[in-house]
Structure formats: structure tokens, C-alpha cells
Ligand SMILES: [Ca+2]
Ligand SMILES: [Ca+2]
Ligand SMILES: [Ca+2]
């Protein structure tokens, strides 16, 4: 159901990194009680036990209960030692920080994680669209997609893709728009995005 470019690059990587984060967080042992746990159980696809475990890890990494962008970049970059993940981490941070106040609360984190790990295809596609729509105006432009692609290539590093050419990200963007921009108006809407992704399977 998910097109190859998503499977191969952004999506699986995002999911696997989020999974890594979960495993990493679960190893921690600090004990705290989450607030509003029942509400979160209703809002996510995690069990009470999972939420408690995630919360302990979250509070361990971030005792204040809030992750700012710098902390997020530091944690995220650990998974990509061969490349520079800071730009991609910036976009990812903004996708988690739904109210755009510069910090991710535990609630924001688990709601995003629930979509990435256990959401329906449509929920995951909505999440991915929001990630690519950098200025959150409801349209993905070529400029936005180019920034995203470049950040992914930077993150993967030349060690992973030794023969990456400089024009590779823009070729990737052209392919994306050929597939996605169905009415050829130069921008991709959520409707175009979901329709195309669900057909390309
Ligand atoms: Ca926030
Ligand atoms: Ca946009
Ligand atoms: Ca369009």
C-alpha cells in the first residue's frame, strides 16, 4: 500500500528510528506515573503497560517532561552516526510538535508514535504528508520536497550511498511530482497524496 520511495527512504526509516527510540526508552528504569493515562489510552493504540513504560523512558531522557528541538536532534542523530541528521530531525520535530510551540510533550510524542507504529495506512499517510508539508499550509511544493529529500540524503550520509550524485535529490523530487501531482498544478494536496499512495501498491 505504501509506494516504494516511502518504503525505501523516509517512512521505514522514521518508523524504525521511532521503534529504536521506544526500545531505548524502555530500557530505562526511572519510575514516574503518567498523568491522564486513561485519556492517552483512548487517543493511542498503546496499552496501559506500554504507556507507563514509554513514560518512564521519556521522563528519564527529559525530566522536565518536554523535549525541545536541540534534545530531539541529539537523540535522533545518535541513530545516524554516518550522516548529518539535524535538518531531517528539524522537520521531524515539527511533525511531532503539532501545536508548534517549540516543545514536544509526552502526549504529542506517544500520539505520533502510535500513528507511526500502529496507525492505519491513511493515518500514516496523513502523518507523512504533514511531515513533508514544511510550512503546514496544506500543500507540498517542489521546494519543500527538495528540502526534505536533501535532508534525507544528508542523514543517510555518503557511507551508505557512496555513489549518490548531487542531482539525485532533485531527480527524486521530479519523480515524486510526476506520480503525485495528478492535476499538474505544481503542488500536491493531501487528496492527491493519499489517492496516489493507495494506488501504487
Ligand atoms: Ca508542542
Ligand atoms: Ca506547504
Ligand atoms: Ca496538484
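The values are calculated or read from the model by the stated rules, or taken from the named source; none is laboratory data. The structure displayed is predicted, hence computed values, not measured ones. Counting neighbours? That spans all protein chains shown, and the Cβs are built from the backbone with ideal geometry, glycine included.
Any idea which of 128, 89 is away from ligand 1 (no atom under 16 Å from the Cβ), under 18 Å from the mean Cα position of the chain (by Cα), under 30 Å from residue 56 (Cβ atoms) and at pLDDT 90 or above?
Numbers: 89 fails: away from ligand 1 (no atom under 16 Å from the Cβ).
One residue alone meets the criteria, 128.
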Residue list for the range 181-201, filter: assigned to a loop (DSSP other than H, G, I, E, B) and either near ligand 3 (Cβ under 6 Å from one of its atoms) or surrounded by 10 or more Cβ atoms within 10 Å (Cβ to Cβ) (or both): 181, 182, 183, 185, 186, 189, 200
For the structure I just gave you, tell me whether residue 77 is at pLDDT 85 or above, under 15 Å from the mean Cα position of the chain (by Cα) and either within 16 Å of ligand 3 (Cβ to nearest atom) or farther than 21 Å from residue 194 by Cα (or both). yes
Run residue 49 past the list (1) within 16 Å of ligand 2 (Cβ to nearest atom); (2) surrounded by fewer than 17 Cβ atoms within 10 Å (Cβ to Cβ) and report the number of the one that doesn't hold. (1)
Name the residue, out of 108, 133, 97, that is within 16 Å of ligand 3 (Cβ to nearest atom), within 15 Å of the chain's Cα centre (by Cα) and either crowded, with 16+ Cβ neighbours inside 10 Å or closer than 25 Å to residue 79 by Cβ (or both). 133
Please verify whether residue 167 is away from ligand 1 (no atom under 16 Å from the Cβ) and either in contact with a strand residue (DSSP E or B) (Cβ under 9 Å, 6 or more places away or on another chain) or modelled with pLDDT of 95 or more (or both), treating the condition exactly as stated. no
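Considering every residue within the range 58-71, establish whether at least one is exposed (fewer than 14 other Cβ atoms within 10 Å of the Cβ), without any contact (Cβ under 8 Å) to a residue 24 or more places away in the chain and more than 15 Å from ligand 1 (Cβ to nearest atom). Before the answer, list the steps.
Here is the first cut: in the range 58-71, the ones exposed (fewer than 14 other Cβ atoms within 10 Å of the Cβ) are 63-64, 70.
In the following step, the residues that additionally are without any contact (Cβ under 8 Å) to a residue 24 or more places away in the chain were identified as 63-64, 70.
Next, only the ones that are more than 15 Å from ligand 1 (Cβ to nearest atom) stay: 63.
Checked the range 58-71: at least one residue is exposed (fewer than 14 other Cβ atoms within 10 Å of the Cβ), without any contact (Cβ under 8 Å) to a residue 24 or more places away in the chain and more than 15 Å from ligand 1 (Cβ to nearest atom).
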Looking only at the range 109-128, decide whether some residue is within 24 Å of residue 193 (Cβ to Cβ) and outside any helix (DSSP H, G or I). yes
